[in-house]
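Below is one structure, written out as structure tokens; the observations come after it.
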Amino acid sequence: MRWARHAVPAAAVAAVAALAARDLLQREHALLRNFPLLGRVRYLLESVGPELRQYIVAGNDEERPFTRDQRRWVYASAKQQNNYFGFGTDNDIEFTPGYPIIKHRTFGRAVPPSAPTVGHEVRLPCAKVLGAPRGRARAFRPESVVTISGMSFGSLSGPAVEALNRGAALAGCLHNTGEGGLSPYHRHGGELVFQLGTAYFGCRDDRGRFDLARLKDLVAEAPVRALEIKLSQGAKPSLGGLLPAAKVSAEIAATRGIPVGRDCVSPSRHAEFSDCDSLLDWVELLAAETGLPVGIKSAVGDLDFWTELTDLMRDTGRGVDFVTVDGGEGGTGAAPLIFSDSVSLPFQQGFSRVYSTFAERDLHEQVVFVGSGKLGLPDNATVAFALGCDLVAVGREAMLAIGCIQAQKCHADTCPTGVATQNAWLARGLDPRSKAVRAAHYVKTLRRDLMKVAEACGVEHPGLIDADAVEILGGRTTSTPLREVYGYRPGWGLPSAADRAAIVDLMSLEAPQGGSATPSPTARR
Ligand SMILES: Cc1cc2nc3c(=O)[nH]c(=O)nc-3n(C[C@H](O)[C@H](O)[C@H](O)COP(=O)(O)O)c2cc1C
Ligand code: SF4
């Protein structure tokens, strides 16, 4: 029986080795590919987590930036699993000042859908035609109100960018390149918004100056549908960036147009313009030379910039086609704590001030408004639409959909799921094709939920939800309409009458999905 004494441990070792090999070779879970066996401990803890947490550690709504409930909703949506929650809300609605309540209508124009389940697809184009009011040659109606926010190749791994781009193609939504240039990973079918940051990566000359000819070449050979000039982002406004030499691989250098293995610095200001006047000249130049709609992305601090910009747009006829407002709660790969925590206004306050500045000058119907800052969740996105957003751009929620576990190590290059790292071993764990499907499921589910909410409010499209449809709770006994909170005048927050009619027509082309039972003979219509 001596052989048996050795056979049992040997069998155990073989089983463990087989399990490790299986983890290494499977493509579904990046964490297991990168950390064979060890990753299983996390899944085990996750599975018994809810029971443990009821007695110790944090509640479902306590973690930040995204609570466990929010992450669970994204994960389940991305996997097309049941994303419902049982037994009613566990949010502290009555005692949370600032909590938004969406007001449904008993009898509305739109018929509520009968299939609110995961996997149910809806077409949800933008309610405005981007670039049309300014007559841009390549104006178009974005096919999806949900878009993927700018996150560079460099801060995200190549496979992560590829997964998002493939996912964008599958979901029919726009994918913003971020300021790190247009990489081979961005060329997998998803249509692009090309972002121009202060370093003009991908369209700069050898001395780092903007190069129009290079931009035109880039736009000609990739599916770029719009250009976005990045002025700032909510998580680190007014800051430039530094990609250390160690991270400047040959691939990154080629994408950005910089030397390999040398520190890569992004200045904090643009060199092509120095005030609103020269900014608008540059916008018009880019639009004329490429035919594309051109917009700006900015966080919101001092309002002088916005009043000057809109005064000039009103008085000179020049103008941006879209404005992306990024909330101070927005994400980044890396930023000093003080900037992430305290510089620039949170989304609702920043956006409503910018929107009002345009609306006071009667410019709001000529511009597509894009919002970002935790708007990849249906409740936040609904409030954004009520405030006048036409599109939402989702960043970290899309990262969650492709495997991010909110380990918050993006700045350290040790991302365990291969999403935000240039470490080849870790990035290899992320399988772009299967994660692309998850990204697409997530985008489609968010669209589906937005449509359900619109129909509950009695309108045909989320862009038609207005500021009267939302109230902000002040605690248990008070609430204020969103319109009053932000001083919106009647009609603000909605597209023009012509755009409203056009989007209702477009949405009516879809086959009706719900309705009612046949009325009884005594029913009065
Ligand atoms: C890893 C990472 C990289 C980012 N890179 C850029 C960038 O290159 N350009 C930019 O304008 N914003 C960048 N952002 C900000 C996002 O585009 C977005 O505005 C912000 O995260 C808010 O959206 P969210 O709350 O859905 O993440 C980045 C964010 C993250 C998390
Ligand atoms: S480091 Fe953490 S938070 Fe950042 S992408 Fe990776 S898993 Fe997500």
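Would you mind finding the one in Thr414, Thr480 that is open to solvent by 40 Å² or more (accessible area, probe 1.4 Å) and in contact with a helix residue (DSSP H, G or I) (Cβ under 9 Å, 6 or more places away or on another chain)?
On the way: Thr480 fails: in contact with a helix residue (DSSP H, G or I) (Cβ under 9 Å, 6 or more places away or on another chain).
Of the residues listed, the single one that is open to solvent by 40 Å² or more (accessible area, probe 1.4 Å) and in contact with a helix residue (DSSP H, G or I) (Cβ under 9 Å, 6 or more places away or on another chain) is Thr414.
Listed here are the residues, each with its yes/no results for (1) in contact with a Pro (Cβ under 9 Å, 6 or more places away or on another chain); (2) open to solvent by 60 Å² or more (accessible area, probe 1.4 Å); (3) at pLDDT 95 or above; (4) assigned to a helix (DSSP H, G or I).
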residue	(1), (2), (3), (4)
Trp306	no, no, yes, yes
Leu312	no, no, yes, yes
Asp315	no, yes, yes, yes
Gly319	yes, no, yes, no
Ala334	no, no, no, no
Ser344	yes, no, no, no
Task: Residue tally, condition touching a Gly at 6+ places or on another chain (Cβ under 9 Å) and either within 7 Å of ligand 2 (Cβ to nearest atom) or part of a helix (DSSP H, G or I) (or both), over segment 398-430 - done: 14
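Tell me yes or no: at least one residue of segment 135-151 is in a helix (DSSP H, G or I) and farther than 21 Å from Cys404 by Cα. I'd like the intermediate steps shown before the answer.
Taking segment 135-151 and keeping what is in a helix (DSSP H, G or I), we get none.
No, the conditions are met nowhere in segment 135-151.
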TODO: Quick one: count up the residues across segment 14-37 that are open to solvent by 70 Å² or more (accessible area, probe 1.4 Å), in a loop (DSSP other than H, G, I, E, B) and without any contact (Cβ under 8 Å) to a residue 40 or more places away in the chain.
DONE: 0
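With open to solvent by less than 10 Å² (accessible area, probe 1.4 Å), over 28 Å from Ala427 (Cα atoms) and either free of Cβ contacts under 8 Å to residues at least 12 places away in the same chain or of a type in the set (A, V, I, L, M) (or both) as the only criterion, which of Val283, Val248, Val224 stands out?
Details: Val248 fails: over 28 Å from Ala427 (Cα atoms); Val224 fails: over 28 Å from Ala427 (Cα atoms).
Among Val283, Val248, Val224, only Val283 is open to solvent by less than 10 Å² (accessible area, probe 1.4 Å), over 28 Å from Ala427 (Cα atoms) and either free of Cβ contacts under 8 Å to residues at least 12 places away in the same chain or of a type in the set (A, V, I, L, M) (or both).
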Open item on the list: Could you go through segment 234-252 and let me know if any residue there is within 16 Å of ligand 2 (Cβ to nearest atom) and either assigned to a loop (DSSP other than H, G, I, E, B) or within 23 Å of Pro142 (Cα to Cα) (or both).
Closed with: yes
- [ ] Output the number of the condition that Ser152 fails; it satisfies all remaining conditions of (1) in contact with a Ser or Thr (Cβ under 8 Å, 6 or more places away or on another chain); (2) away from ligand 2 (no atom under 16 Å from the Cβ).
- [x] (2)
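Out of all the residues in segment 152-170, which are part of a helix (DSSP H, G or I), open to solvent by 10 Å² or more (accessible area, probe 1.4 Å) and within 16 Å of ligand 1 (Cβ to nearest atom)? Break it down stepwise before answering.
If we filter segment 152-170 for residues that are part of a helix (DSSP H, G or I), which is where we start, we get 158-170.
This time we only want the ones that are open to solvent by 10 Å² or more (accessible area, probe 1.4 Å), so: 159, 162, 166, 169-170.
Selection gives Pro159, Glu162.
The values are calculated or read from the model by the stated rules, or taken from the named source; none is laboratory data. Computed from a prediction, not measured in an experiment: that's the story for all the values here. Cβ coordinates were reconstructed from backbone atoms using ideal geometry, including for glycine residues, and neighbour counts include every protein chain displayed. The accessibility values were calculated without ligands, DNA or RNA, using every heavy atom of the protein model including side chains. Shrake-Rupley method; radii C 1.70, N 1.55, O 1.52, S 1.80 Å.
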